[in-house]
Amino acid sequence: MRLPISLFTLTAAGTTAFVPLPASRSTALSAAVNGESAKGSTAEVTTKNDSSSTKKFHYEYIARKARPHFDILSRTVTDKDVPLIYLDSGATSQKPGAVLEKLDDYYKRVNSNVHRGAHTLSREATSAYEEARDKVSSFINAHSRNEIVFTSGATEAINLVAQSYGRTNLKAGDEVVLTVAEHHANLVPWQMLSQEIDGGLTIKYVRIDPETGCLDLKHMESLLTEKTKIVGFQHVSNVLGCINPVKDMVSMVRDKSPNAKIILDACQSVPHMPVDVQELDVDFLAASGHKMCGPTGIGFLWGREDLLNSMPPWKGGGEMIDQVTLEGSTYLPSPSRFEAGTPAIAQAVGLAAAIDYLTSFGMKEIEAYEHELAEYLYDQMKQVPGLTILGPPNGKQRVALCAFTHESIHPSDLSTFLDMEGVAVRAGHHCCQPLHQELGFSHSARASLYLYNTKE
Ligand code: PLP
């Protein structure tokens with residue numbers, strides 16, 4: 001991970017001029033990353049240039065094992081052919097060979113439409129698609145495969161809830177409690193729903209506690225009433241990097257707002273840690289496949305089966321009907337009722353391969369490694385003069401994601417300068433404009449890491 005070193009160089013120069021320095025790679029690690037001395041899968045790596053002088057990376061074997069599976073990580077960028085350092089996995093993750101091969105194999109050998117044919121290819125495509133549903137179901141410990149609705153991503157999953165559950169169950173004056181930290185995907189659908197309802201909804205936003213840099217849970221408690229019908233929040237913030245205490249938040253909602261349904265945006269948690277919907281006890285969960293080593297164009301909504309079956313379809317067409325006459329139609333139960341038209345079959349198959357890939361490392365192990373990375377990233381960035389890191393400090397639960405601003409360099413310039421060194425970070429509002437406004441910034445730069453990033 002060259003980012004901190006590059007930034008340090010940047011600020012050490014004392015001006016906005018960018019002075020690229022060669023990355024001071026630890027030879028042992030470098031060799032290990034390149035597979036030269038990767039003996040055994042549980043090697044413990046000791047590094048010597050941490051603030052704590054010596055820090056052990058118990059789980060770095062994960063990155064060493066993973067990196068060769070991602071061809072893209074060995075490419076070079078810019079006209080200087082510098083090696084790519086990909087620190088933008090919060091936006092989308094890279095895809096391992098196993099996923100790409102599965103997609104290739106699907107299109108070369110199986111490609112057909114699902115649920116509609118008795119021929120071999122159609123049966124095989126249907127099995128592969130439905131097996132993908134089983135994979136997602138057990139990955140998040142759903143009660144039943146019927147609780148998994150494939151969508152194009154988390155955005156569509158949340159829109160489904162707003163347009164189906166929301167339109168049917170919410171009326172003027174009902175309250176929706178969201179947080180200022182939400183991604184636009186969990187803000188705009190509720191604002192759109194409010195506009196559709198004559199008289200509108202009352203949307204309230206949980207603020208950030210300036211002391212902790214996390215959601216202000218006392219404020220949240222004060223917003224919840226018996227009129228609250230929807231509570232929506234992220235599991236992990238894509239800007240603050242904090243892990244929200246979902247179970248505490250859920251019990252607060254159940255206590256104060258027994259009529260509310262809880263929707264969890266798990267886009268930034270499902271790829272990085274074990275997520276168990278039964279344990280979290282939310283009502284809906286949304287996630288995107290492309291952030292968890294899967295293809296773009298696939299994600300899923302999880303909801304309890306009885307709840308999903310109580311909701312009307314929000315898109316009509318083939319695949320979701322029971323009977324159609326010229327007078328009207330009846331619908332299949334979940335998940336089919338929400339999957340009108342030809343689904344993203346290959347993408348679902350690719351997502352299943354991604355789940356196999358992640359589980360081959362173990363989600364607990366990935367979480368443990370990323371926890372090490374998170375601490376290291378934060379500690380290194382904290383040492384860079386002029387940087388403000390958004391979100392809570394180390395010690396609070398953080399993921400390996402840091403959004404930051406610099407006192408004299410615009411985030412877009414930072415991102416451009418880093419790109420010249422091959423370092424891919426994102427600059428912008430990260431689809432969290434209200435959060436940035438709340439924090440007093442228009443934009444930030446963001447480094448977000450995944451299992452294939454090393455400390456380097
Ligand atoms: N929620 C969060 C926290 C995200 O980070 C993202 C994507 O950046 C989304 C929702 C939307 O995901 P998608 O664009 O894949 O639908």
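Of note:
- Residues of segment 254-286 that turn out to be closer than 19 Å to Val176 by Cα and either surrounded by fewer than 23 Cβ atoms within 10 Å (Cβ to Cβ) or within 16 Å of the ligand (Cβ to nearest atom) (or both), as a count: 18
- Filter pass, Glu147 being within 20 Å of Asp198 (Cα to Cα) and either within 16 Å of the ligand (Cβ to nearest atom) or crowded, with 18+ Cβ neighbours inside 10 Å (or both): no
- Every residue from segment 115-154 that is in a helix (DSSP H, G or I), in contact (Cβ under 8 Å) with a residue 12 or more places away in the chain and in contact with a Gly (Cβ under 8 Å, 6 or more places away or on another chain): Glu147, Ala154
One line per residue, one yes/no per condition, for (1) charged (D, E, K, R); (2) in contact with a Phe, Trp or Tyr (Cβ under 7 Å, 6 or more places away or on another chain); (3) modelled with pLDDT under 95; (4) over 30 Å from Arg133 (Cβ atoms):
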site	(1), (2), (3), (4)
Tyr357	no, no, no, no
Glu365	yes, yes, no, no
Cys402	no, yes, no, yes
Asp419	yes, no, no, yes
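- Scan of segment 112-139 for residues that are farther than 14 Å from Phe300 by Cα, buried (at least 16 other Cβ atoms within 10 Å of the Cβ) and among the hydrophobic types (A, V, I, L, M, F, W, C), ordered by number: Val114, Ala125, Ala128
- All of (1) within 16 Å of the ligand (Cβ to nearest atom); (2) touching a helix residue (DSSP H, G or I) at 6+ places or on another chain (Cβ under 6 Å) hold for Leu187 with one exception: (2).
- Qualifying residues in segment 287-326 (those that are closer than 19 Å to Ala185 by Cα and of a type in the set (Ser, Thr, Tyr)) - the one surrounded by the most Cβ atoms within 10 Å (Cβ to Cβ): Ser288
- Subset tally (residues that are of a type outside the set (Ser, Thr, Tyr) and free of Cβ contacts under 8 Å to residues at least 40 places away in the same chain) for segment 218-244: 5
- Tally, over segment 155-181, of residues that are within 13 Å of the ligand (Cβ to nearest atom) and either touching a His at 6+ places or on another chain (Cβ under 8 Å) or assigned to a loop (DSSP other than H, G, I, E, B) (or both): 1
- Every pair of residues 6+ apart whose Cβ atoms lie under 6 Å, when the first sits in segment 276-288 and is in contact (Cβ under 8 Å) with a residue 24 or more places away in the chain while the second is within 15 Å of the ligand (Cβ to nearest atom) and β-branched (Val, Ile, Thr): Leu280/Val246; Phe284/Val161; Phe284/Ile263; Ala286/Ile158; Ala287/Val270
- Taking residues in segment 249-271 that are assigned by TED's automatic domain parsing to the domain that holds Met220 and more than 25 Å from Thr168 (Cα to Cα), and partners anywhere that are assigned to a loop (DSSP other than H, G, I, E, B) and among the aromatic types (Phe, Trp, Tyr), the pairs with Cβ atoms closer than 8 Å and at least 6 places apart or on different chains are Pro271/Tyr450.
The values are calculated or read from the model by the stated rules, or taken from the named source; none is laboratory data. Predicted model only: the values in this text are computed from it and were never measured. As a convention, Cβ positions derive from the backbone with ideal geometry for all residues, glycine included, and neighbour counts pool all protein chains shown.
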